[in-house]
Amino acid sequence: MRVPKRRRRENKTDYAKRLKLLKGNSPRIVFRRTNKYIIAQYVTSREAQDKIVFGLTSKELLIHGWPENAHGSLKSITASYLTGLLAGKKILREKLKAPIMDFGMHRTIHKTREFAFLKGLVDAGVELKTIEKTFPEESRIKGEHMKNKIPFAKIKENIKKIK
């Protein structure tokens with residue numbers, strides 16, 4: 001009987017999916033969510049060795065006007081969208097090649113944080129093949145459902161001003 005690799009047993013790596021991504025020879029934008037934040041990393045691979053070109057977290061939204069009293073919601077759909085927008089602006093600013101999405105071991109359920117992040121990338125101007133119906137509703141992206149109201153329009157404008 002064959003024992004699965006350690007990272008597969010710990011539900012950290014799907015080796016079949018990773019192999020397909022590496023064979024594509026394209027850079028990846030890796031999306032991860034933790035208990036507190038959204039993490040995005042632009043990764044290039046050469047001979048199965050990953051190199052992180054840049055990484056950012058939703059914690060950077062605090063610089064762009066995210067209210068300090070809403071610090072606990074930095075993993076929300078709104079924060080995910082704005083983090084995607086920030087990552088997209090960084091990709092365009094540094095003139096990097098358009099990446100493919102890597103959600104890792106997360107189940108890809110439509111209208112969730114993962115797809116809000118993807119919509120942020122697309123709205124920033126990154127060329128990605130997407131299906132519009134998989135994105136969350138605009139009211140959820142703007143955070144109208146949240147208890148702590150977020151100045152969404154102000155934060156989005158601050159991010160869009162970045163050159």
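The values are calculated or read from the model by the stated rules, or taken from the named source; none is laboratory data. Remember, it's a predicted structure, so these values are computed and weren't measured experimentally. For neighbour counting, all protein chains shown are included, and Cβ atoms are generated from backbone atoms with ideal geometry for every residue, glycine included. Note: accessible area is taken over every heavy atom of the protein model, side chains too, but ligands, DNA and RNA are not part of it. Shrake-Rupley method; radii C 1.70, N 1.55, O 1.52, S 1.80 Å.
Quick notes
- Taking the conditions (1) over 17 Å from Pro136 (Cβ atoms); (2) in contact (Cβ under 8 Å) with a residue 24 or more places away in the chain in turn, Lys23 satisfies each one other than (2).
- Residue that is surrounded by the fewest Cβ atoms within 10 Å (Cβ to Cβ), among those in segment 12-37 that are of a type outside the set (D, E, K, R) and either closer than 21 Å to Leu61 by Cα or in contact with a Phe, Trp or Tyr (Cβ under 9 Å, 6 or more places away or on another chain) (or both): Asn35
- Candidate set from segment 108-129 (those that are under 14 Å from the mean Cα position of the chain (by Cα) and over 19 Å from Thr57 (Cα atoms)); member that is modelled with the lowest pLDDT: Thr108
- Single unsatisfied condition, Met1 versus (1) assigned to a strand (DSSP E or B); (2) of a type outside the set (D, E, K, R); (3) out of contact with any Asp or Glu (no Cβ under 6 Å at 6 or more places or on another chain): (1)
- Candidate set from segment 93-103 (those that are surrounded by fewer than 17 Cβ atoms within 10 Å (Cβ to Cβ) and out of contact with any Asp or Glu (no Cβ under 7 Å at 6 or more places or on another chain)); member that is nearest to Ala16 (Cα to Cα): Ile100
- Residues in segment 38-66 that are free of Cβ contacts under 8 Å to residues at least 40 places away in the same chain, farther than 17 Å from Arg93 by Cβ and crowded, with 18+ Cβ neighbours inside 10 Å: Thr57, Ser58.
- Inside segment 112-145, residues that are β-branched (Val, Ile, Thr), free of Cβ contacts under 8 Å to residues at least 40 places away in the same chain and either open to solvent by 80 Å² or more (accessible area, probe 1.4 Å) or not in a loop (DSSP other than H, G, I, E, B) (or both) make up a count of 3.
- Residues in segment 81-92 that are touching a residue at least 60 places away in the same chain (Cβ under 8 Å) and either in contact with a His (Cβ under 8 Å, 6 or more places away or on another chain) or open to solvent by 60 Å² or more (accessible area, probe 1.4 Å) (or both): Leu82, Leu86.
- Extreme residue, farthest from Asp102 (Cα to Cα), among residues of segment 67-80 that are open to solvent by 10 Å² or more (accessible area, probe 1.4 Å) and among the small types (Gly, Ala, Ser): Gly72
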